[in-house]
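This report concerns only the one structure given below.
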Amino acid sequence: MVRTELSHLHYGGSDGLDAVARTVPAGRLADPSDIGGAVVFLASDDAAYISGASLLMHGGGERPAFLDAATANKER
């Protein structure tokens, strides 16, 4: 998830984005510059031998909401 104007609108503003960010193991959403840095690397000579690869950028993934529900039940 990248913090953009569209994601801001989709999740209802900063509070919604902050709630989503708490589900990401990296503890934050990506900034466009995070993606840009990867693009610059892939376009550089350092990536000259990379071919046909996928670069997964997700901050460690999102924690599924059902896990929060399971954790809440254990805390009672």
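The values are calculated or read from the model by the stated rules, or taken from the named source; none is laboratory data. Please read these numbers as outputs of a predicted model, since none were measured by experiment. Counting neighbours? That spans all protein chains shown, and the Cβs are built from the backbone with ideal geometry, glycine included.
Scanning for something at pLDDT 85 or above, in contact with a Leu (Cβ under 7 Å, 6 or more places away or on another chain), surrounded by 10 or more Cβ atoms within 10 Å (Cβ to Cβ) and not hydrophobic (A, V, I, L, M, F, W, C), does the stretch 38-55 turn up at least one residue? Looking for residues that are at pLDDT 85 or above, in contact with a Leu (Cβ under 7 Å, 6 or more places away or on another chain), surrounded by 10 or more Cβ atoms within 10 Å (Cβ to Cβ) and not hydrophobic (A, V, I, L, M, F, W, C), one finds none in the stretch 38-55, hence no.
Quickly run through the stretch 38-62 and pick out the residues that are over 26 Å from Ala21 (Cα atoms) and acidic (Asp, Glu). Asp45, Asp46 - these are the residues of the stretch 38-62 that are over 26 Å from Ala21 (Cα atoms) and acidic (Asp, Glu). Just one of the listed residues (Asp68, Asp15) is acidic (Asp, Glu) and modelled with pLDDT under 90, and it is Asp68.
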